[in-house]
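Report on the following structure.
The values are calculated or read from the model by the stated rules, or taken from the named source; none is laboratory data. The structure presented is a predicted model; accordingly, all values stated were derived computationally and were not measured. Neighbour counts are summed over all protein chains in view; Cβ atoms, including those assigned to glycine, are modelled from backbone coordinates with ideal geometry.
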Amino acid sequence: MKYDNKTIKLKNGQSAILRAPSANDAAELIAYMKTVFGETDFLMRYPEEFEMSVEDEAKILEGLESSETSLMICCEADGKLVGNCQLSFNQRIKTAHRATIAISVLKDYWGQGIGTALFEEMIKVSKDKGVLQMELEFVEGNERAKRLYEKIGFAVVAEKPNAIRLKDGTMLKEYFMVKYL
């Protein structure tokens with residue numbers, strides 16, 4: 001799916017660019033994902049579980065450019081990728097009114113407004129596509145993300161007990177949130 005670049009101002013006064021990644025970003029995006037997976041237990045993978053080759057990631061990114069069912073937006077600041085989100089649209093008749101969101105931001109850039117800016121773009125694109133309901137999941141204990149999601153207008157509608165098991169055996173709930181457009 002096409003996305004036009006947008007410059008945003010971070011809370012620290014710095015400029016950042018929201019843009020769709022290209023195949024040329026494959027290696028950097030892999031490094032970004034491995035870093036962000038290692039910074040928190042609240043994402044769905046550990047760094048060692050992300051075993052994507054540069055070639056395979058490049059193919060995925062190439063496919064996103066022409067996809068009508070998925071959009072990825074990256075945030076670039078200081079000459080590197082610092083945030084990323086993906087919006088996936090359902091295509092079946094009964095669920096075409098729904099879209100699913102995944103989002104991450106490097107820890108050094110938390111609190112700078114990147115998450116809010118990415119959400120604003122995803123909401124705009126969803127409305128343009130006629131989506132009526134946006135959905136996401138978050139892990140128990142991720143209060144920072146929960147506050148952001150609630151600020152954007154999401155509400156918890158369900159929970160899955162023991163959905164996540166950390167390496168140390170800790171079991172965490174996963175919460176399902178919805179935003180109506």
Filtering segment 127-145 down to residues that are without any contact (Cβ under 8 Å) to a residue 60 or more places away in the chain and within 14 Å of the chain's Cα centre (by Cα), which residue is surrounded by the most Cβ atoms within 10 Å (Cβ to Cβ)? Met134
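So that you can scan it fast, the table gives a plain yes or no per residue for (1) over 30 Å from Glu174 (Cα atoms); (2) assigned to a strand (DSSP E or B); (3) at pLDDT 95 or above; (4) among the aliphatic types (A, V, I, L, M):
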| site | (1), (2), (3), (4) |
| --- | --- |
| Ile8 | yes, yes, yes, yes |
| Gly13 | yes, no, yes, no |
| Ala31 | no, no, yes, yes |
| Lys34 | no, no, yes, no |
| Gly38 | no, no, yes, no |
| Met44 | no, no, no, yes |
With the condition kept exactly as written, say whether any residue in segment 54-61 is touching a strand residue (DSSP E or B) at 6+ places or on another chain (Cβ under 7 Å), crowded, with 18+ Cβ neighbours inside 10 Å, part of a helix (DSSP H, G or I) and of a type outside the set (A, V, I, L, M, F, W, C). no
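Every residue, every condition in (1) surrounded by 15 or more Cβ atoms within 10 Å (Cβ to Cβ); (2) in contact (Cβ under 8 Å) with a residue 60 or more places away in the chain; (3) of a type in the set (Lys, Arg), yes or no:
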site	(1), (2), (3)
Asn5	no, no, no
Leu10	yes, yes, no
Gly13	no, no, no
Arg19	yes, no, yes
Ser22	no, no, no
Glu28	yes, no, no
Asp41	yes, yes, no
Test result for Glu159, touching a strand residue (DSSP E or B) at 6+ places or on another chain (Cβ under 6 Å), without any contact (Cβ under 8 Å) to a residue 24 or more places away in the chain and at negative phi: yes
Looking at segment 66-95, which of the residues that are aliphatic (A, V, I, L, M) and in contact (Cβ under 8 Å) with a residue 24 or more places away in the chain is nearest to Met177 (Cα to Cα)? Leu87
